[in-house]
Structures are given as C-alpha cells and as structure tokens.
1. Residue 270 - would you say it is modelled with pLDDT of 80 or more, in a helix (DSSP H, G or I), within 19 Å of the chain's Cα centre (by Cα) and crowded, with 21+ Cβ neighbours inside 10 Å?
2. Take segment 145-181 and flag every residue that is more than 11 Å from residue 208 (Cβ to Cβ), among the aromatic types (Phe, Trp, Tyr) and at pLDDT below 85.
3. Residue check, residue 254 against (1) more than 24 Å from residue 273 (Cβ to Cβ); (2) in contact with a His (Cβ under 6 Å, 6 or more places away or on another chain), all met but one. Which one?
4. Consider only pairs whose beta carbons are under 6 Å apart and that are at least six residues apart or on different chains; among these, list those whose first residue lies in segment 109-123 and is farther than 15 Å from residue 211 by Cα and whose second residue is crowded, with 21+ Cβ neighbours inside 10 Å.
5. Regarding segment 172-185, can at least one residue be identified that is more than 24 Å from residue 322 (Cβ to Cβ), assigned to a helix (DSSP H, G or I) and either open to solvent by 20 Å² or more (accessible area, probe 1.4 Å) or without any contact (Cβ under 8 Å) to a residue 12 or more places away in the chain (or both)?
6. Could you list all residues from segment 203-241 that are buried (at least 22 other Cβ atoms within 10 Å of the Cβ) and of a type in the set (Phe, Trp, Tyr)?
7. Search segment 186-202 for residues being open to solvent by less than 10 Å² (accessible area, probe 1.4 Å) and under 16 Å from the mean Cα position of the chain (by Cα), and hand back the single one that is nearest to residue 155 (Cα to Cα).
8. Looking only at segment 305-326, which residues are farther than 19 Å from residue 169 by Cβ, at pLDDT 65 or above and in contact with a Leu (Cβ under 9 Å, 6 or more places away or on another chain)?
Amino acid sequence: MTPSTDRMSLPVSDPPPPPPRGGAEQRVFKGSTMTPRGAYAAVSYMSCAVMLVLFNKAALSSYSFPSANVITLFQMICSCCFLYVLRRWKLISFSSGDADNSTRFVSLQTLIHTSPLALTYLLYMLATMESVRGVNVPMYTTLRRTTVVFTMFVEFILVGQRYSRPVIGSVALIVFGAFVAGSRDLSFDAYGYSIVFLSNITTAIYLATISRIGKSSGLNSFGLMWCNGILCGPVLLFWTFIRGDLRMTMNFPYLFAPGFLIVLLLSCMLAFLLNYSIFLNTTLNSAVTQTICGNLKDIFTIALGWMFFGGLPFDLLNVIGQILGFVGSGLYAYFKLFGK
C-alpha cells in the first residue's frame, strides 16, 4: 500500500520556516538571533552528547573494549540502516527538493560534492572516540572546551567570520577556566592529551565544513548523514580490517554479554541522534554556537563522569575553573540570544 503523502516528516534543517505574522522571523526572545528551531536543536545536541560520552566511556573503559574504531564502525552502520528504513518508509527526505513519492536517495554528483565533509567527519569520529579512552571524563571535558578557539580560527580562515569583543571575551573566559580546572593534572598522559587536542582540531574543521558544504549541497541533515555513512563506512571497514581491530573484536570476551550489547546498542542509537542534532544545530545556528553548546553541557557530563567513572579530585581550584568555563559559555549564549 502506498504511504500517504501527508505523513508527518521528522524535522530537517533546510526547509525555511513559514513567515510569522508581520513578516519578521520568529525568535526565541525579542532581539534574539536564535529561532525556536535553533534552540530546540541546541538542547537536543546537549542532551545526546552527555549520554553518548558516558556510554562510549563505559564500553571502552568499564568493559575494556579494545577498539574505538570498531565502535565507530558499528555506529556508522546503524546510522545508515536507520536512515535507509526511515527513507523507505517516507518518514524523512534527504533534500528539500525530494517529493514524498520519490525513491531516489543521493546522486553520484552529490556524493562527490560532499566528499570533503565525509573526510572531515571520519577524522572527527576517529579522533573523538580515541580521545575518550585516554583521559578521565572530567579532564576530557575540560580539554574539549578549547575547541571553540580552533572553531573560531577555522571559520575565520574558511569564510572570513569575525566576532565582536564580547564574544571573544566570553571565549577567553572559557579557555582560562579550562586551564584553571586542569591545573591539578599537570602530570598528564602526553598521548592522551595529544589525542584530545587532535580531536579539537578535527571537530573545528568538521563543524566549519558543515557550515560551508552542508548549505550548498542541497541536502538536509539526514542527507548529509547518509552521504557520510556511504562514503566513510567502506573506508573505516577496510581500516579496521588491516589494523586487526575486527580480529580483536571477535576475541573480545564480553562481545555477547548482555550488558555490553545494551551499552553498544544505546551508544549506536545516541550516535545517530547526536549526528542529526549536530547537523541541525550547526546549520540553523553556527559552528561556534555548536561548540559553545558543547561547553554548556559539560557541567552535566562532569558531574555524571565523577559519579560513575571517577576522575580528578574534587577540590576548590577545579570547581573554580569549571565555574569560569560555564560562566563564559553562558555569556556567549546571552550574546547570541540577545544579538549582542
């Protein structure tokens, strides 16, 4: 039976919202630069990101799973399966130009156009997954706060984006708070810290690429996710094979343990939702706003990380640093909402 053409679709990023009464675009607050859909995307991202870090940490540390790359591969395969089913059921489309009765996915020309985005996505996923293993959750979130500096620099290089003094001041407060919070962990693991900073760089490039290529490709958030999975999946599968990660996975003693399978399944589901919310938040708002949202959700990640996995000692200096970073993120959100 042919599905109804008026079936409700999941929200995507590119169809413009209907103009409200009076002709002006609706905003969260009077004078705000963020729409209600942008606020929804930001909150959705923060919720998914907190839970995904914890489930990834549980799989890699609590269960001592040997390969972060294999978890990334599982997440990518599940994402493509979800998108395929949703597209076949016509619950979603991949571009604003697709008709509801269209069975076309993505053309070869579009895949080629989005290949730079897929490359940066693959680097971002691999570096992020590996960085979770090397350091404890509180220090991980502390170091990740410096991503906003890399993102601002990449946006300036790619699109010439400039920022006001209040925004630059709020970012400086975030970075200063990160250094204060991490000052007790000066005897750091050089490899772990290097991977986290590499993750910061790849995240900045990935978010800036979404802003640049995502808006010119004609695809919405689901279409971009599909292209990333189709292009990156075979590459990652080959990489895990030649590195011996697949063999280590088959020899993993808890591979079929119910607890581990539940953690892995939830990690894959959250990764799908997180990728969707990243595209939505970055295209509706900006790459820097996406990064700041990551800083705002850190207070919950840190609290839950201390509760379940331990980490840095809870001392006054660390608390001051976390508060400074949170205040800096809040100031940026204020400037964004009220158009400062």
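The values are calculated or read from the model by the stated rules, or taken from the named source; none is laboratory data. The model shown is predicted, which means the values in this text are computed figures rather than measured ones. Because the Cβ atoms are built from the backbone with ideal geometry, glycine has one as well, and the counts that use them run over all protein chains shown. Quick note on the areas: whole protein, heavy atoms, side chains included, nothing else; ligands and nucleic acids left out. Shrake-Rupley method; radii C 1.70, N 1.55, O 1.52, S 1.80 Å.
1. It is true that residue 270 is modelled with pLDDT of 80 or more, in a helix (DSSP H, G or I), within 19 Å of the chain's Cα centre (by Cα) and crowded, with 21+ Cβ neighbours inside 10 Å.
2. Result: 163, 179.
3. Looking at each condition in turn, residue 254 falls short on (2).
4. From residues that are farther than 15 Å from residue 211 by Cα, the pairs are 111/227; 122/232; 123/202.
5. Looking through segment 172-185, none of the residues is more than 24 Å from residue 322 (Cβ to Cβ), assigned to a helix (DSSP H, G or I) and either open to solvent by 20 Å² or more (accessible area, probe 1.4 Å) or without any contact (Cβ under 8 Å) to a residue 12 or more places away in the chain (or both).
6. Correct list: 206, 222, 226.
7. Here the answer is 200.
8. Within segment 305-326, 318 is the sole residue that qualifies.
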